[in-house]
Amino acid sequence: LSNSVSIYDTTLRDGAQMVGISLTLNDKLKIAKALADIGVDYIEGGWPGSNPKDAEFFKLCKDNILKGQSSKLAAFGSTRRKNSTCEEDTNVQALLFSEAEVITVVAKAWDVQVTRVLETTLAENLRMVAETISYFKVRSKEVMLDAEHFFDGFTANRAYSLECLKIAAKAGVDVVVLCDTNGGSMPWTVEEVTRTVKEELMPWPHVRIGVHTHNDTELAVANSLAAVRGGASLVQGCVNGYGERTGNANLARMLLELISVIGGLQVKMGFTCIPPESLANLSKLASTVADVTKQTMSPTQPYVGSAAFAHKGGIHVAAIRRMPESYNHMDPTVVGNAMRSVVSELSGKGNILDKAEKAGLVLDNDVAGSVLAHIKQMEREGCAFENAGASVDMLIVRKGKRYQQPFALPAQVSAAEGIGPVDALSHALRWRILDRSRTCNLHCLARDSRSALEKHYPQLEQVELADYHVHLVEPSTAHKGTLSTTRVTVDFTDASGNKWTTVGAHTSIVEASFRALVDGLEFGIVNCSEVPKLDQSF
């Protein structure tokens, strides 16, 4: 096997075919830059014959984004139409006009697709493949053939699917890409078929084998790796696994499987794909593409997800504090991620100690045990701390021996009586009294409370409420008939882009909001100033 595997990204074309993704021209240019920056070998820009936006993209990307970069720009399109010529085929001419260095041509490799979908003869399909490839090769283009439905075609009519590849090889194709278009193949089948193709193409040693998989059976990544084992040296896929239906092979995962120092094939099988120094930027790449495409990244996405190396169980955290590799398959920093422990009712003291250390705090086992007991009780009452790390930090800080509240919190009266937390906080800070009949939402609470506190803590001027979420927690079976609890989670941000989250729970949504708000503002006072105002010794 060759010691390198080329990465061909098709996020801008196949990825954009996913329901819910619609890319502007600028979106496509941003993603292309992110891909070029990490050294992806091929960036498929789109189908220039399908729409004006893709046609414009190729010129801008070639002249600006890829100038001086090693990545090659590929244009995607179909073979010439049946009973036609390349010279008169508008799609072929659009591919040529794109001036892309690489031309990827899709063709049918399943006999029934040829006769029933293209409605032409098997012989004409072979001529379409050969003539289109030859047309671009004589014009000095690097040409790839995407053999659509190849694995299904191989099962149905092995001889014809192989003939499609051989006719392409005779015409001078550089890469034949075996496509699992319907995403239904099994890894062992993919590996065996790829190995067979490699043997069949031995008379044309210049032809490389690639693979393009879909994720309809959750096997896109596994099938891509199996193809590499069978002899493929190029993998097509999309960042974050975007693509038609259930998506394509996830290049964020594929790159890691192929080149990650610990968890990928570079260690296990000796492959290289992108410059090693680019590995640490993979988490950033996945996040950037998710932001541009307006897709929420799954926190559990392997390698690059925010929870990919997160540990919640107390036994796990206790172990990784002594031996990080005990519950991590690799060092997450290699791919730009980080290991973290999550605090919840399932935690042990190790979770608290680990959280405290990462927050720059030092506490003993007794204090950690006290904080843990408090958290378990609060979760029983409706809080959820696993995504509200700032509230956990404040629980720890408040256990400090010389801790002093930065602002006074008078006793609260229920919202049903018409007095909200803003009233009480304003009284305490001698700011102003709100109309008791006023209806306040959480943004009111954040704005008014912060305005009062900014006189004493000007660092709060840079703190903003970014978002909040309300969740109704049903009472347990043992407490039927009691009031439901409202859980409020609040997201904050500061001028430096730092983010933190707090949580509060109560039968009153206003009181729950107030508790989360107090944690968030107090966290801001501690962490947004050069000299912390709270004593953090224990």
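Excluding residue 505 itself, what net charge comes from residues whose Cβ is under 15 Å from its Cβ, given Lys and Arg +1 and Asp and Glu -1?
After counting each charged neighbour, the total is -3.
Give me the distance between the Cα centres of the range 173-194 and the range 110-136, rounded to whole Å.
19 Å
Please list 117, 510, 289 in order of solvent-accessible area, largest first, computed with a 1.4 Å probe with all protein chains present.
117, 510, 289
Peptides 373-386, 5-18, 192-205: what's the order by average Cβ count within 10 Å, highest mean first?
With the highest mean Cβ count within 10 Å placed first, the list reads 5-18, 373-386, 192-205.
Sort the range 6-293 into rounded, prolate or oblate with this rule: let a ≥ b ≥ c be the square roots of the eigenvalues of the Cα gyration tensor; rounded if a/c is under 1.5, and if a/c is not under 1.5, prolate when a/b is larger than b/c, oblate otherwise.
Oblate is the answer for the range 6-293, as a/c is 1.5 or above yet b/c matches or exceeds a/b.
Quick one: which of 49-61, 157-169 comes out on top by average Cβ neighbours within 10 Å, and what's the full order, highest first?
Details: 49-61: 17.1, 157-169: 19.8.
Put in order of decreasing packing, that is 157-169, 49-61.
Run the Debye formula on the Cα coordinates of the range 310-381, all scatterers equal and no solvent, and tell me log10 I(q)/I(0) at q = 0.17 1/Å.
-0.62
The values are calculated or read from the model by the stated rules, or taken from the named source; none is laboratory data. Keep in mind it's a predicted model, so treat the numbers as computed, not measured. In this analysis, Cβ positions are derived from the backbone assuming ideal geometry, glycine residues included, and neighbour counts consider all displayed protein chains. The accessibility values were calculated without ligands, DNA or RNA, using every heavy atom of the protein model including side chains. Shrake-Rupley method; radii C 1.70, N 1.55, O 1.52, S 1.80 Å.
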